[in-house]
Each structure stands twice: as structure tokens, then as C-alpha cells.
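Since the structure comes first, as C-alpha cells, the remarks are kept for the end.
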Amino acid sequence: MSSTRPQFRNIHVSQILSYRLPLAGVVSILHRLSGAFLFLIGIPLVLFTLDQSIASEMTHARLSATLGHPLAKLICLAVIWAFLHHAIAGIRYLVLDLHIGTAKEQARSSARVVLMLSLAMTAVVALRLFGAF
């Protein structure tokens with residue numbers, strides 16, 4: 001009596017764009033990407049701006065003028081989103097490490113909350129950054 005069991009294999013590179021990742025997987029990948037972005041770009045950018053803002057009055061004025069440009073504001077907003085998403089997703093993973101909310105539906109809803117919170121908080125910061133209030 002020989003039964004054929006299904007074989008599960010890794011997806012091919014050409015199938016990556018058509019693969020539908022669950023929401024928790026999207027949050028996981030974004031958590032890793034935001035952490036790498038913060039480490040490689042965010043921290044050096046923050047340290048550079050801190051250095052320039054306290055070096056002298058002239059460098060502070062130049063930095064203020066540079067950060068007033070819309071492209072610089074978008075870069076700052078990307079760093080802010082990365083920080084917010086990484087922090088909120090990190091709290092989710094700490095709670096999951098305590099074995100709270102590990103059921104499929106709970107994990108899906110907590111992933112949804114992470115995405116909604118990080119995007120909503122980033123939208124509020126964007127409104128303030130671009131002068132809406």
C-alpha cells in the first residue's frame with residue numbers, strides 16, 4: 001500500500017511576485033527591513049544631523065534650510081516610519097514570545113493592528129511635518 005504524499009518545495013525566484021504572503025509574514029519582513037534601514041541609514045543620519053545642529057550657528061542654519069526641503073522631509077518621514085513600525089512590531093513579538101496571541105486569528109489581527117498603528121502614527125507625523133497643523 002503505497003500512498004503518495006504531497007511534496008512541498010521552496011518557491012522559485014520567478015514565483016516571488018505571485019506568492020501571497022500572510023499578513024503576519026508581511027509584518028515580519030517589514031520588521032526586518034525597518035531594522036536594517038534604521039541601522040544602516042537611520043542611525044548615521046540622526047548622528048549626522050545632531051552633529052551638524054550643535055557644531056555652530058552656521059551649520060545649524062544650513063541644516064535647517066536643508067531639512068526644509070520636501071525631499072529631506074520625505075527621507076525623515078521614512079526614518080520615522082521605520083522607527084515606529086520597528087518599535088510597534090517589536091512589542092508584538094515580545095508579546096508573542098510570552099505565548100500570548102499565538103493563535104492564527106489573534107496573530108493575524110495583531111499584525112493588522114501593527115500595520116494600522118504604524119501607518120496612522122506616521123500619517124500624523126507627516127501632517128505635522130508638512131505643516132498641516
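The values are calculated or read from the model by the stated rules, or taken from the named source; none is laboratory data. Small disclaimer: the values here were computed from a predicted structure and weren't measured. Note that each Cβ is placed from the backbone with ideal geometry, even for glycine, and that neighbours are counted across all protein chains shown. The protein model used for the area step is the full one, side chains on, heavy atoms only, and it has no ligands, DNA or RNA in it. Shrake-Rupley method; radii C 1.70, N 1.55, O 1.52, S 1.80 Å.
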Margin query: With of a type outside the set (Val, Ile, Thr), touching a helix residue (DSSP H, G or I) at 6+ places or on another chain (Cβ under 6 Å) and at positive phi as the only criterion, which of GLY101, GLY35, GLY131, GLY42 stands out?
Written below: GLY101
Note to self: Checking the conditions here, which among LEU71, LEU84, LEU17 is closer than 21 Å to THR122 by Cα and exposed (fewer than 15 other Cβ atoms within 10 Å of the Cβ)?
What the structure shows: LEU71
Notebook entry, point to check: If PHE133 satisfies every condition in (1) among the aromatic types (Phe, Trp, Tyr); (2) surrounded by fewer than 14 Cβ atoms within 10 Å (Cβ to Cβ); (3) within 10 Å of the chain's Cα centre (by Cα) but one, which is the exception?
Noted result: (3)
Note to self: Being open to solvent by 40 Å² or more (accessible area, probe 1.4 Å) and either over 22 Å from the mean Cα position of the chain (by Cα) or farther than 30 Å from LEU94 by Cα (or both) is the filter here; which residues of region 27-51 pass it?
What the structure shows: PHE48, LEU50, ASP51
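Yes/no per residue for (1) more than 22 Å from LEU50 (Cα to Cα); (2) over 18 Å from the mean Cα position of the chain (by Cα); (3) not hydroxyl-bearing (Ser, Thr, Tyr):
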residue	(1), (2), (3)
LEU77	no, no, yes
ARG92	yes, no, yes
ALA103	yes, yes, yes
LEU115	yes, no, yes
LEU119	yes, no, yes
Margin query: Condition check: assigned to a helix (DSSP H, G or I) and either touching an Asp or Glu at 6+ places or on another chain (Cβ under 6 Å) or surrounded by fewer than 15 Cβ atoms within 10 Å (Cβ to Cβ) (or both). Does MET121 satisfy that?
Written below: no
Next item on the list: Take region 1-14 and flag every residue that is open to solvent by less than 100 Å² (accessible area, probe 1.4 Å) and at pLDDT 80 or above.
Entry: SER14
